[in-house]
1. Output ³J(HN,Hα) for segment 99-106: one whole-Hz value per residue in order, computed from phi by the Karplus curve 6.51 cos²θ - 1.76 cosθ + 1.60 with θ = phi - 60°, and x for Gly and Pro.
2. Please compute the Cα-Cα pair-distance distribution of segment 58-125 with 10 Å bins starting at 0, giving whole percents from short to long.
3. Take peptides 92-102, 60-70, 107-117 and line them up by average Cβ neighbours within 10 Å, highest first, as a rough protection proxy.
4. Could you give me the ³J(HN,Hα) list for segment 56-62, computed from phi with Karplus coefficients 6.51, -1.76, 1.60 and θ = phi - 60°, whole Hz, x at Gly and Pro?
Amino acid sequence: MRFWALRALNTLEDTMKMFAKFAVTPLIAVAMMTGASMSALAQTPQTQNSATEDWNTPPAGTEQAQAGYRDGIEAAKLDKLAGRKVDPMSSYLYTHPPVKKGPARDAYLNNFVNGYKAAVAHSSAS
């Protein structure tokens, strides 16, 4: 190999070494600092979000009762958006519940009204 070809290889190697020192090292440092702050954010408790969503958590009970609470929340939202009368007793799901007669139906309707009222109270408080 000729001298100028060896000199070019040395220059290329030197350039790569300098690039590694001045470009890659700071990038690695920035990546490490960003990762640390992201993990710190992930570990902070989310109290504001959980406090605002307590109102829409169905109470303990049967699956039908919990579905009634969730359906009441959705019915209140839809009634408000559609400009209908805001009354749980006039909602279609109250007059035609998807639960057969008996105690399960009573629990569904009771929780439907509670969910509907909770959604109305929450939307008026916001």
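Read the figures in this text as sums done on the coordinates, not as results from a lab. Everything quoted here is computed from the prediction, not taken from an experiment. Counting neighbours? That spans all protein chains shown, and the Cβs are built from the backbone with ideal geometry, glycine included.
1. Running phi through 6.51 cos²θ - 1.76 cosθ + 1.60 with θ = phi - 60° gives 10, 5, 4, x, x, 5, 5, 4 Hz.
2. 25, 54, 19, 1
3. Ranking, from highest mean packing down: 107-117, 60-70, 92-102.
4. For segment 56-62, the Karplus-derived couplings read 9, 8, x, x, 5, x, 5 Hz, x marking Gly and Pro.
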